[in-house]
1. Given the criterion within 21 Å of the chain's Cα centre (by Cα) and modelled with pLDDT of 95 or more, identify the matching residue among Val380, Val373, Val345.
2. Give the residues of segment 104-122 that are more than 16 Å from the ligand (Cβ to nearest atom) and among the acidic types (Asp, Glu), sorted by residue number.
3. Restricting attention to segment 296-311, which residues are under 29 Å from Ser130 (Cβ atoms) and aliphatic (A, V, I, L, M)?
4. Of all residues in segment 53-104, which are outside any helix (DSSP H, G or I) and of a type in the set (Asp, Glu)?
5. Restricted to segment 250-270, and to residues that are within 20 Å of Gly118 (Cβ to Cβ) and among the β-branched types (Val, Ile, Thr), which residue is farthest from the ligand (Cβ to nearest atom)?
6. Name the single residue, out of those in segment 126-140 being among the polar types (S, T, N, Q) and surrounded by 18 or more Cβ atoms within 10 Å (Cβ to Cβ), that is farthest from the ligand (Cβ to nearest atom).
7. Can we say Leu180 is more than 16 Å from Arg128 (Cβ to Cβ) and surrounded by 24 or more Cβ atoms within 10 Å (Cβ to Cβ)?
Amino acid sequence: MTTSSTPASASPNPASVLPGTGRAPATSATAPETHKPSAAGDLAAGDRTYIYADNAATTPLSPRALEAMMPYLTDRFGNPSGIHRVAREAARALADARGRMAELLGAQDPAEIVFTSGGTESDNWVLRGSAQLWREKQAQRGDSGTAPRQPLIVTSAIEHHAVLHTCAELERAGAHVVYLPVDEQGRISSQDLERALAHEGGPAALVSVMLANNEIGTVEDVAELARAAHARNAPFHTDAVQAVGHIPVNVTDLGVDALSLSAHKFHGPRGVGALYLRRGFDLPPLIRGGAQERHLRAGTENLAGIAGMVAALEEQIDNLAAAQARVAALRDRLVSVVCNAVPDVHPTGDPVRRLPSIASFACENIDGELAVVILDQLGVAAATGSACSTGSTDPSHVAVAIGAPPASLHGTLRLSLSDTVTDEEAELIARRTIEALRRARSLSAMM
Ligand code: PLP
């Protein structure tokens, strides 16, 4: 299989569309003259054949999101906490964004949405806050002698490091953390959860299970898991960072008490996200200071980021049904073409209950990082496991948890498609992936 070295962008208007995203670079007419092109924009201006297939790591800002942000970066710069008209205008915009976000997530009340800096912060807050809340309640009750003396947190072995590393710290501080196992497709069973909760005695401080896995794309049955947690009086949080904007997500249907999301995973800006907190699930404040975010997270709000996030999510949800089916079909074809062409390369994750955008592989006797470097040279941005584990020599904890073949533990590969990827781009990604895996395998054999 040869690799095209000629311009091969299949975008309808290559001059204005970023390859692999189908989106105009976010340097549109709404941006001022001084606006610097994004990294994605630089790619578009440079190698026209380069395709970005690492959308699970981050996505380019959508022009609609940028347009929604611009007023708050320029003339509508008010601080929502003030009294005068500039501040009141900002406060109205903030309230409007909160209401729209609540509606998009199916929340009952805008007050259930707290804006944060992203997924990591939301995850940290709900885990630490739940442990603290449990200790406070325990202290108020007095030690009855029957309840466990340290908070119990139940999570899974395949969570993002934002959850796992926070749990590790809570364990060092005395918490008892149970890591639920997964099957070979990355699924967590509600029976395992029930057993963990029954076995451990008193109500858990929190059950936290992700909605969709960032490395292998498996979508968990969170509604059932939340029911199992509630049957044991345990609050339930889900890290929905990879799911929101990619599959339908409704907090009421899921029955969760808390949900984390992050704008940059669905074409919003980086550095902004939210934590949904069901009314009645009152976490202790994360940051003390002013009265912002109902005293829960002090600090002047990132209004431009929040406006961009809500606009991006609205756009994603408007296009969700059509995009989901089309991208899933391209992903399935990509997976089968690559696995048929290269021996001992296996698809990972649940083949049915999975994110439409993520194609993931366990490749035997291939160094995954080497494959990603070669793919980059061939003109595709990909990832091995999660972006956060890049640079680590340890195998992906997700690959270990699903029991991937030992020879593939260092050979994980993730291609995450944009919802606007074209058929031609998907074809190019497949051809280049096959070539990269073959080259990486022969080089890995020499190492
Ligand atoms: N949770 C999951 C499942 C993720 O995939 C990520 C980012 O990759 C995060 C949390 C962290 O989100 P953020 O980058 O907004 O801090």
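1. On the way: Val373 fails: within 21 Å of the chain's Cα centre (by Cα); Val345 fails: within 21 Å of the chain's Cα centre (by Cα).
After applying the criteria, what remains is Val380.
2. Asp109, Glu112
3. Listed by number, the residues that qualify are Leu296, Ala298, Leu303, Ile306, Met309, Val310.
4. Selection gives Asp54, Asp75.
5. Out of the qualifying residues, it is Val251.
6. Gln138
7. Working: more than 16 Å from Arg128 (Cβ to Cβ): yes; surrounded by 24 or more Cβ atoms within 10 Å (Cβ to Cβ): no.
So Leu180 does not fit the description; no.
Here is a yes/no grid of residues against (1) within 16 Å of the ligand (Cβ to nearest atom); (2) of a type in the set (Phe, Trp, Tyr); (3) in contact with a helix residue (DSSP H, G or I) (Cβ under 7 Å, 6 or more places away or on another chain):
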position	(1), (2), (3)
Asn55	yes, no, no
Ala65	yes, no, yes
Pro71	no, no, no
Ala102	no, no, yes
Asn124	yes, no, yes
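The values are calculated or read from the model by the stated rules, or taken from the named source; none is laboratory data. All values derive from a computational prediction rather than experimental measurement. Note: ideal-geometry Cβ built from the backbone for every residue, glycine included; neighbour counts use all protein chains shown.
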